[in-house]
Every structure is written in structure tokens, then in C-alpha cells.
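The values are calculated or read from the model by the stated rules, or taken from the named source; none is laboratory data. None of these values were measured; they are calculated from a predicted model. Cβ placement follows ideal geometry from the backbone for every residue including glycine, while neighbour counts extend to all protein chains displayed. In case anyone asks, the SASA skips ligands and DNA or RNA and just uses the protein heavy atoms, side chains included. Shrake-Rupley method; radii C 1.70, N 1.55, O 1.52, S 1.80 Å.
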Amino acid sequence: MARVAVVTGGTRGIGEAISVALKKAGYKVAANYAGNDAAAQAFAQKYGIPVYKFDVSDFKQCQDAIQKIAQELGPVDIVVNNAGITRDGTLHKMTPEMWGQVVATNLGSCFNMCRCVIDGMRERSFGRIVNIGSINGQAGQYGQVNYAAAKSGIHGFTKALAQEGAAKNVTVNAIAPGYIDTDMVRAVPPQVLEKIVAKIPVGRLGRAEEIARGVLFLVADDAGFITGSTLSINGGQHMY
Ligand code: NDP
């Protein structure tokens, strides 16, 4: 029986590449998104992957969605916590809303999703959780106190839950992408982006598929000895 994988923010950018790679590898995939219905419908039609609209920062919505996915596809074996947002600004201009939205969407979502699947994973003695952190959670970034704090929190969350899951064959790992060519990075002003690319030893932005490759490695059935680790995929920009 094919394993069931849920990818949050799985219809665009890095998440799209993860969903597609998992499907190609034989997994049954559920791709979540927040509000961009047009992108989600185009994605569903193109790849034949079912899409589920819910807000990962809302616990109840996650609970209902996991129940629905389990009914439609089967019990969830794999969760990729990929959904994320930025609301950039220096701290002296940051509003409590900018702080709250970013922490709830990037970090609160990991609690929400993991809490809803952990009992089943422990009962079945199998689970693979991959949390998408960021180079900016490892190194910090000007104008991103909220985002860097949330992503840094993901790395602590990963190590703690990895310890709790280890005896039950529930592995928990993180990937810290560098700058990847997606809508999120295209929103950065070109002159800033140019300076960022100049600092990447590989000499270019990463591709979403290059993050998906790491996810496939970590969720494999025979990856049971890899847990609590962070895989940095950043073109050599930050060696941590
Ligand atoms: P995109 O902005 O391209 O896509 C974000 C996805 O997340 C969309 O599918 C979006 O849904 C979904 N999403 C956003 N908020 C919510 C929410 N509250 N509930 C459910 N889904 C939500 O992002 P990227 O592909 O660039 O980034 C993916 C992840 O990788 C993020 O966690 C990001 O922080 C991280 N990352 C990205 C880097 C990069 O260079 N791009 C670098 C380092 C980390 P919808 O389509 O409905 O809006």
C-alpha cells in the first residue's frame, strides 16, 4: 500500500515540487494551500494530486483536514510542514500582527499538523516528518526578526520531537533551504536579490526540485536512522 503524504503549502513553489516528487516516487499525496484557488486548481489538474484548502495556523482546521485526508486517502504517514509566509520589516516598524501571523503560520503550523498526526503515527510505529526551516533561521536576516525567530524555532521543535518519536520509528528532520527561485523570493527587490546571489558560492538561486530531492531522501522507509537532523540546501551560502 502506498504511503500517504501531506504537504502543506503544497500547490506552489517549493511545496509544488515536493508534492510532485512524492507522487512520482509512488506516494499518495494530499497538497494543502491557503487561499490561491486558481493556482491550486491548475496544480490539481496538471498533476492529478488532490488539494485541500485550510489554514495551517488554525488548529481546528488542521484537525478537520487530517481527518478528511485520512478518510479519502488513508492514515497519514508523512507530513511535510512547508507552508510559510514572510511579513518583512525592521523590528522598530514591525506590528504585532506581522509578528503574530509569521510565527503562527511558520511555526504554530508545525505544532498544529504534528499534533494531529502524532497519535496515529505512534500507534502504527511509522512516521516521517520534515519541517522546512530556512537559512535565515540559522543565520538571522535584517528585516526578518519574525521570520528568523519562527524558522529558528522550527529547528528546536524538530530536535525535541525527534527525541520523542525515536522509539516509535517516527523520524523528525528539518531542511534549511537557501534562496530558492519561487514567488516568495521573486518578491525581493531585484537590486537586493543581485547582492544575495553574489554571496552564493554555487552562483545562482536554488531550484524547488533541489529541495524536493532532500525531502524524498528523508521520508524514505529506510531513512529510519536519520532523525533530529537539519539538512542545509543552500548552494554553500551558509555552512552550519
Ligand atoms: P510560496 O510563497 O511560493 O508558496 C507558499 C505556499 O504556502 C503556498 O502554497 C501557500 O498557499 C501556502 N500557504 C501560505 N500560508 C498558508 C497557510 N496559512 N495555510 C496553508 N497554506 C499556506 O513559498 P515558497 O515555496 O518560496 O516557500 C515554501 C517554504 O520554504 C516556506 O516555509 C518558506 O519559508 C521556506 N523557504 C523558502 C525559501 C525560498 O527561497 N523560497 C528559502 C528558505 C525557506 P496559497 O497558494 O493558497 O497562497
Search region 229-240 for residues that are part of a loop (DSSP other than H, G, I, E, B) and pair each with any residue that is among the polar types (S, T, N, Q) when their beta-carbon atoms are under 7 Å apart and the residues are at least 6 apart or on different chains. 229/173; 238/138; 238/232; 240/138; 240/232
Residue pairs within 6 Å by beta carbon, gap of at least six or interchain, first lying in region 36-55 and closer than 21 Å to residue 21 by Cβ, second open to solvent by 40 Å² or more (accessible area, probe 1.4 Å) and basic (Lys, Arg), listed first then second, are 39/12; 49/23
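Identify all residues within region 20-57 that are open to solvent by 30 Å² or more (accessible area, probe 1.4 Å) and either closer than 16 Å to residue 215 by Cβ or more than 12 Å from the ligand (Cβ to nearest atom) (or both); write none if there are none.
Keep residues of region 20-57 that are open to solvent by 30 Å² or more (accessible area, probe 1.4 Å), which gives 23-28, 34-38, 41-42, 45-48, 50-51, 53, 55, 57.
23, 24, 25, 26, 27, 28, 45, 46, 47, 48, 50, listed by residue number.
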Subset of region 87-106 (residues that are open to solvent by 40 Å² or more (accessible area, probe 1.4 Å), more than 16 Å from the ligand (Cβ to nearest atom) and in contact (Cβ under 8 Å) with a residue 12 or more places away in the chain): 91
Inside region 197-213, can you point out the residues that are crowded, with 16+ Cβ neighbours inside 10 Å and closer than 18 Å to residue 84 by Cβ? 205, 206, 208, 210, 211, 212
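Among what's in region 159-179 and is over 19 Å from residue 221 (Cα atoms) and not aliphatic (A, V, I, L, M), pick the residue that is surrounded by the fewest Cβ atoms within 10 Å (Cβ to Cβ). So that I can check it myself, show each step before the final result.
Of region 159-179, the ones over 19 Å from residue 221 (Cα atoms) are 159-160, 176-179.
Pick out the ones that are also not aliphatic (A, V, I, L, M) and you get 159, 177-179.
Working: 159: 16, 177: 25, 178: 25, 179: 22.
Among those residues, the one meeting the criterion is 159.
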Would you be able to tell me the number of residues in region 107-124 that are within 16 Å of the ligand (Cβ to nearest atom) and open to solvent by 40 Å² or more (accessible area, probe 1.4 Å)? 3
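For (1) away from the ligand (no atom under 11 Å from the Cβ); (2) in contact with an Asp or Glu (Cβ under 9 Å, 6 or more places away or on another chain), each residue gets a yes or a no:
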| position | (1), (2) |
| --- | --- |
| 173 | yes, no |
| 184 | no, no |
| 189 | yes, no |
| 194 | yes, no |
| 197 | yes, no |
| 208 | no, yes |
| 216 | yes, no |
| 226 | yes, no |
| 229 | yes, no |
Regarding residue 17, is this residue in contact with a Pro (Cβ under 8 Å, 6 or more places away or on another chain), within 9 Å of the ligand (Cβ to nearest atom) and either of a type in the set (Val, Ile, Thr) or open to solvent by less than 20 Å² (accessible area, probe 1.4 Å) (or both)? no
For region 136-157, check the following and say yes or no: at least one residue is within 26 Å of residue 65 (Cβ to Cβ), more than 9 Å from the ligand (Cβ to nearest atom), open to solvent by 80 Å² or more (accessible area, probe 1.4 Å) and among the aromatic types (Phe, Trp, Tyr). no
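Please state which one of 202, 192, 188 is over 19 Å from residue 11 (Cβ atoms) and either modelled with pLDDT of 95 or more or in contact with a His (Cβ under 7 Å, 6 or more places away or on another chain) (or both).
On the way: 192 fails: either modelled with pLDDT of 95 or more or in contact with a His (Cβ under 7 Å, 6 or more places away or on another chain) (or both); 188 fails: either modelled with pLDDT of 95 or more or in contact with a His (Cβ under 7 Å, 6 or more places away or on another chain) (or both).
When all the criteria are applied, what remains is 202.
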